[in-house]
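The values are calculated or read from the model by the stated rules, or taken from the named source; none is laboratory data. Nothing here was measured: the structure is a model prediction, and the numbers come from that model. Glycine also receives a Cβ, built like all others from the backbone with ideal geometry; neighbour counts cover every protein chain displayed. All accessible areas refer to the heavy atoms of the entire protein, side chains included, with ligands and DNA or RNA removed. Shrake-Rupley method; radii C 1.70, N 1.55, O 1.52, S 1.80 Å.
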Amino acid sequence: MRLSPSPTPSHPFGLTKCFRFPVFLAVGLFLITALTVRDRFADPDLWWHLKVGEVIWNTRSIPTVDIFSFTTHQHAWTPHEWLAQLTIYGAYHAGGYTGLMVWLYSVPSLVFVGVYLLSALYSGNSKVALLGGLTAWLFGTVSLSIRPLLLGHLFLVAELLILHMGRNRDRRWLWALPPLFALWVNCHGSYSFGLMVLACYAVLSFVTWSSGSVASTAWLPDRRRTLCASFVLSSLALLVNPVGWRLLLYPFDTMFQQHIGLSSVAEWLPLPMNEPRAIAMLLVAAVIIGMVLLRRSVLFVDELALLCASGGLALLHTRMLFLFGIFAAPVLCRLCSDLWEGYDASRDSRVGNSVLMSVALAIVILSFPTAQNLEGQVRSKSPVAAVNYIRAAGLSGNMANEYEFGGYLIWALPEHKVFIDGRSDVYEWTGVLAQFARWMTLQEDPGILLRRHHINYCLLSAGSSMANVLPHLPGWREVYSDKVARVFTLTAPGSPREPSPETDSGLPLTTR
């Protein structure tokens with residue numbers, strides 16, 4: 001997006017003016033976010049993030065090998081989200097499931113309110129900026145759950161705010177970027193995208209150019225020098241991590257080496273064009289293009305570059321819609337800034353705003369999930385009762401488990417190491433992911449994997465295709481079943497071990 005000077009509202013948004021209409025709009029975004037996430041508690045990956053955070057919290061050390069599964073034989077693992085996982089466990093340690101829900105209410109709310117503030121500063125119209133906050137919210141719904149990714153998006157919004165303030169208010173703001181990146185690299189691999197954004201601005205800060213409706217404006221010399229120095233220091237700040245070079249290289253390994261994971265997990269798959277958010281993305285792009293062509297508005301090179309990059313990534317990977325929303329929101333607001341009159345403090349009603357804000361906050365509090373509700377969400381998506389059965393029945397030996405159940409098993413059944421879980425990276429590196437894909441999709445004799453890994457019992461989802469096959473295999477029988485999961489045990493152990501598999505190749509996984 002363009003970070004050049006824009007009209008400054010006569011009464012800018014300020015936290016101290018807490019009963020002004022712009023603040024009410026921010027509270028409204030908080031309410032919308034709260035109502036959106038209240039039923040999104042039990043994400044399958046939450047549990048292994050929580051467990052890693054607990055290990056770090058209790059041992060004061062960061063695991064660099066796989067300690068949760070028996071299939072990888074403690075293969076080297078990159079804890080690329082360790083600091084974010086520590087915050088997640090800290091929330092749990094402070095308040096249990098309720099503490100985790102407070103984390104989920106807080107982080108995405110900060111993201112969307114941050115986009116609203118950025119849109120207000122960027123467009124000069126704090127009322128039109130609501131459109132920016134809602135745009136970010138709409139595309140952000142693609143991945144709202146308790147996960148480190150949300151902190152990555154929060155840091156991206158913070159980066160854009162710092163860049164705007166550094167260019168248009170005080171260049172000293174730019175010195176906040178190195179410490180931001182020092183935190184970011186330890187929380188999520190999206191730091192790499194943030195650094196590319198910073199590099200883009202550093203390069204374009206030298207360029208003054210225009211052609212038709214596309215233009216670029218160079219930064220003032222003193223601010224450009226500060227920006228370039230901040231970019232160098234931000235790059236060096238990435239080394240402030242306890243893992244080393246493997247942490248820096250992890251995002252690139254994900255994008256270029258983890259082919260099975262990227263082609264299997266639903267959020268990494270291409271965006272289905274019949275999906276409502278895909279239609280909304282095309283509509284937002286059409287509005288931006290229409291405003292440029294029909295109203296002879298200018299689209300700046302940095303805006304165009306980031307919109308194209310995030311839009312292209314969203315088409316390739318559904319989860320990247322969140323990025324598109326963050327970049328599109330302020331641009332959309334700038335182009336539409338004159339469609340709604342700006343905020344006029346003299347016409348504001350602080351009493352009315354305070355009443356509406358109180359009602360919004362009361363709804364947030366009253367709608368906050370109870371402990372019983374949160375446990376119900378966990379039971380509806382996780383094999384809670386099946387885990388209780390496994391423990392009560394004293395099942396032992398190696399377990400083959402559903403991919404989506406692995407994280408919960410790491411958390412709730414730590415005495416039994418898992419076959420696989422949501423950390424697709426380490427399982428792809430060791431070839432286990434490809435083996436599991438062939439097994440779950442019935443691409444080979446199911447007995448091969450069971451014998452190779454000496455499996456004594458299986459925990460599968462109730463609707464799994466493999467759950468319908470296992471009872472027909474010699475020696476296997478079902479011992480437990482509910483609406484979520486089914487448990488099978490081997491009653492005739494002793495089958496010979498299968499030879500090592502041939503070179504693994506990727507096949508689709510039945511995952512979220």
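Scanning region 110-146 for residues that are among the polar types (S, T, N, Q), in a helix (DSSP H, G or I) and surrounded by 22 or more Cβ atoms within 10 Å (Cβ to Cβ), which turns out modelled with the lowest pLDDT?
Result: Ser123.
Of the conditions (1) of a type outside the set (A, V, I, L, M, F, W, C); (2) surrounded by 21 or more Cβ atoms within 10 Å (Cβ to Cβ); (3) in contact with a Leu (Cβ under 7 Å, 6 or more places away or on another chain), Ser297 fails just one. Which one is it?
The failed condition is (2).
Among residues belonging to region 334-346 that are open to solvent by less than 40 Å² (accessible area, probe 1.4 Å) and under 33 Å from the mean Cα position of the chain (by Cα), point out the one that is nearest to Ala120 (Cα to Cα).
Per the stated criteria, the residue is Ser337.
Could you please let me know if Phe155 is within 19 Å of the chain's Cα centre (by Cα), open to solvent by 10 Å² or more (accessible area, probe 1.4 Å) and aromatic (Phe, Trp, Tyr)?
Numbers: within 19 Å of the chain's Cα centre (by Cα): yes; open to solvent by 10 Å² or more (accessible area, probe 1.4 Å): yes; aromatic (Phe, Trp, Tyr): yes.
Yes, satisfied.
Is region 78-90 home to any residue that is of a type outside the set (Val, Ile, Thr), under 14 Å from His153 (Cβ atoms) and either touching a strand residue (DSSP E or B) at 6+ places or on another chain (Cβ under 9 Å) or open to solvent by 10 Å² or more (accessible area, probe 1.4 Å) (or both)? I'd like the intermediate steps shown before the answer.
Step one: of region 78-90, the residues of a type outside the set (Val, Ile, Thr) are 79-86, 89-90.
Still in the running and under 14 Å from His153 (Cβ atoms): 81, 84.
With the extra rule that they be either touching a strand residue (DSSP E or B) at 6+ places or on another chain (Cβ under 9 Å) or open to solvent by 10 Å² or more (accessible area, probe 1.4 Å) (or both), the set shrinks to 81.
Scanning region 78-90, I find at least one residue that is of a type outside the set (Val, Ile, Thr), under 14 Å from His153 (Cβ atoms) and either touching a strand residue (DSSP E or B) at 6+ places or on another chain (Cβ under 9 Å) or open to solvent by 10 Å² or more (accessible area, probe 1.4 Å) (or both), so the answer is yes.
Can you go through Ala386, Ala392, Ala400 and tell me which one is assigned to a helix (DSSP H, G or I), modelled with pLDDT of 95 or more and crowded, with 19+ Cβ neighbours inside 10 Å?
Working: Ala392 fails: crowded, with 19+ Cβ neighbours inside 10 Å; Ala400 fails: assigned to a helix (DSSP H, G or I).
Exactly one of Ala386, Ala392, Ala400 is assigned to a helix (DSSP H, G or I), modelled with pLDDT of 95 or more and crowded, with 19+ Cβ neighbours inside 10 Å, namely Ala386.
Checking Leu409 against (1) more than 21 Å from Gly53 (Cα to Cα); (2) in a helix (DSSP H, G or I), which single condition isn't satisfied?
Single failed check for Leu409: (1).
Residues are listed down the side, and each one gets a yes or a no for (1) within 30 Å of Val37 (Cα to Cα); (2) surrounded by 17 or more Cβ atoms within 10 Å (Cβ to Cβ); (3) of a type in the set (Lys, Arg):
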{"position": "Glu159", "(1), (2), (3)": "yes, yes, no"}
{"position": "Asn168", "(1), (2), (3)": "no, yes, no"}
{"position": "Leu174", "(1), (2), (3)": "no, yes, no"}
{"position": "Asn186", "(1), (2), (3)": "yes, yes, no"}
{"position": "Ser213", "(1), (2), (3)": "no, no, no"}
{"position": "Trp219", "(1), (2), (3)": "no, yes, no"}
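Checking Ser464 against (1) open to solvent by less than 20 Å² (accessible area, probe 1.4 Å); (2) under 20 Å from Lys417 (Cβ atoms), which single condition isn't satisfied?
The number of the failed condition is (2).
Regarding Ser349, is this residue under 30 Å from Leu130 (Cβ atoms) and open to solvent by 30 Å² or more (accessible area, probe 1.4 Å)?
yes
Considering only residues that are in a loop (DSSP other than H, G, I, E, B) and open to solvent by less than 30 Å² (accessible area, probe 1.4 Å), look in region 10-42 and name the one that is modelled with the lowest pLDDT.
Per the stated criteria, the residue is Gly14.
Starting from region 275-287, keep only residues that are closer than 11 Å to Phe139 by Cβ and part of a helix (DSSP H, G or I), then list their pairs with residues that are at pLDDT 95 or above and among the hydroxyl-bearing types (Ser, Thr, Tyr) whose Cβ atoms are within a distance under 8 Å, requiring at least 6 positions of separation or different chains.
Arg277/Thr141; Val284/Thr135
Determine, yes or no, whether Val331 is at pLDDT below 90 and open to solvent by less than 20 Å² (accessible area, probe 1.4 Å).
So Val331 does not fit the description; no.
Quick one: which residue in Ser234, Ser264 is at pLDDT 95 or above, polar (S, T, N, Q) and either open to solvent by less than 30 Å² (accessible area, probe 1.4 Å) or assigned to a loop (DSSP other than H, G, I, E, B) (or both)? Before the answer, list the steps.
Values: Ser264 fails: at pLDDT 95 or above.
Sole residue among the options that is at pLDDT 95 or above, polar (S, T, N, Q) and either open to solvent by less than 30 Å² (accessible area, probe 1.4 Å) or assigned to a loop (DSSP other than H, G, I, E, B) (or both): Ser234.
Among the numbered criteria (1) among the polar types (S, T, N, Q); (2) in a loop (DSSP other than H, G, I, E, B); (3) surrounded by fewer than 22 Cβ atoms within 10 Å (Cβ to Cβ), which one does Asn58 miss?
Result: Asn58 fails condition (2) only.
Could you give me the residue pairs with C-beta distances under 9 Å whose first residue belongs to region 431-452 and is more than 21 Å from Ser264 (Cα to Cα), whose second residue is open to solvent by less than 20 Å² (accessible area, probe 1.4 Å) and aliphatic (A, V, I, L, M) wherever it lies, and which are 6+ apart or on separate chains?
Here the result reads Leu450/Ala400; Leu450/Leu470, each pair linking region 431-452 to a residue that is open to solvent by less than 20 Å² (accessible area, probe 1.4 Å) and aliphatic (A, V, I, L, M).
Can you tell me which residues in region 237-250 are part of a helix (DSSP H, G or I) and at pLDDT 95 or above?
Matches in region 237-250: Ala237 only.
From the list Leu321, Leu304, which residue is open to solvent by 40 Å² or more (accessible area, probe 1.4 Å) and either at negative phi or touching a helix residue (DSSP H, G or I) at 6+ places or on another chain (Cβ under 9 Å) (or both)?
Every option except Leu304 fails the conditions.
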